[in-house]
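Reading through the structure tokens given below for one structure.
The values are calculated or read from the model by the stated rules, or taken from the named source; none is laboratory data. Being a predicted model, the structure only gives us computed values, none of them experimental. A quick note on method: Cβ atoms are made from the backbone with ideal geometry, for glycine too, and the neighbour counts reach across all protein chains shown.
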């Protein structure tokens, strides 16, 4: 009899615990739904619509679409083992620093990829683009092969540097124009990852632009073409649009299997379904703050957040980064790219003025679309005309800041943020 009573008490206890747990999960689920609806309305009121249909890109006629040529060109790139390392190195350093065996290896790679390069060059200078991403599908929308696009961009950058090093300015210029078109087509999309890939590709383009603009072979007409090849999208606006699509996709697909899998990687697996709405609300709140600070200056190196695993409720603190992405890094990359782009446009204008008049102007010119202050630092740029007739233009940011934004940025620091313009001949 005593055993029966003990067993009955145990079963009752288990039933109470299970019932209480289920009730608790139901309460959490209901609260999460309330919080999600509340923060979604606030986001739409302060930022914009969360309707996925708002992000569907306008159709572009096939003959006017840069992607018509870029997509097959990118996918046609053929790399053998070891090629990626060679291309990655040569695309980021001046031809004067290349080794003979690297040049020989690149020639073989370029010859093999003649069909791909022919397609990519067909798109140069085209302004309209559409990657036909089904944004109405939210988080499940299929995106193009971004790693392949980055490899193709590096191939073009290395090709341009090789051509310029051998005195073939036209081939180098054509490569820069094609690179600019690829970067522009990716930056124009509403997907954050495509936008970030576009920024990365633009970095390679500006590196090549730097080498072209400071070359003794540069002429005013060539500088005009070079200036036209530089991307001109509003990066802050494009970043905010990409963040808004990510928010809309989150709100739309909060109970989708793919999103639940992401939630399951952060929260205790048993709680994932009940916490999905609350997770989405937390991420959307983080995106709301990110919208306010998008593209702000970076005045100190980005600091990695403290390990949330070492703090109570650490798994909850990781949610905005794991589910929504590192928004601080995305904002900093946009500011850094805007800084590099503006310096390139100013340097081209200065170089053209010097080649036309025989000297650099005493102060920086005013250019439409280029703010007085550097987007990366929030302060003025440094500019000096030297006694020998050369000029120095640079951002006052530091290598430590750039390296904290993107590790590969260190390789490009001098090309992106410091311009030494030769004396005009």
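Is it fair to say residue 175 is in the same structural domain as residue 85 (by TED's automatic domain parsing) and part of a loop (DSSP other than H, G, I, E, B)?
Spelling it out, it is not the case that residue 175 is in the same structural domain as residue 85 (by TED's automatic domain parsing) and part of a loop (DSSP other than H, G, I, E, B).
Let me confirm something: among 199, 147, which residue is within 27 Å of residue 339 (Cα to Cα), at pLDDT 95 or above and surrounded by fewer than 18 Cβ atoms within 10 Å (Cβ to Cβ)?
147
Within the range 231-267, how many residues are out of contact with any helix residue (DSSP H, G or I) (no Cβ under 6 Å at 6 or more places or on another chain), part of a helix (DSSP H, G or I) and at pLDDT 80 or above?
4
Return yes when residue 138 is assigned to a helix (DSSP H, G or I) and on the phi > 0 side of the Ramachandran plot and no when it is not.
Spelling it out, residue 138 is indeed assigned to a helix (DSSP H, G or I) and on the phi > 0 side of the Ramachandran plot.
Within the range 40-85, which residues are at pLDDT below 95, more than 23 Å from residue 277 (Cα to Cα) and touching a helix residue (DSSP H, G or I) at 6+ places or on another chain (Cβ under 6 Å)?
Across the range 40-85, the qualifying residue is only 56.
So residue 351 clears everything in (1) surrounded by 23 or more Cβ atoms within 10 Å (Cβ to Cβ); (2) under 28 Å from the mean Cα position of the chain (by Cα) except one condition, right? Which one?
Going through the list (1) surrounded by 23 or more Cβ atoms within 10 Å (Cβ to Cβ); (2) under 28 Å from the mean Cα position of the chain (by Cα), residue 351 breaks only (2).
Could you tell me which numbered condition residue 187 fails, if it satisfies all but one of (1) surrounded by 24 or more Cβ atoms within 10 Å (Cβ to Cβ); (2) out of contact with any helix residue (DSSP H, G or I) (no Cβ under 6 Å at 6 or more places or on another chain)?
Of everything listed in (1) surrounded by 24 or more Cβ atoms within 10 Å (Cβ to Cβ); (2) out of contact with any helix residue (DSSP H, G or I) (no Cβ under 6 Å at 6 or more places or on another chain), residue 187 misses just condition (2).
Please count how many residues of the range 118-140 are surrounded by 18 or more Cβ atoms within 10 Å (Cβ to Cβ) and more than 20 Å from the chain's Cα centre (by Cα).
Final tally of qualifying residues: 6.
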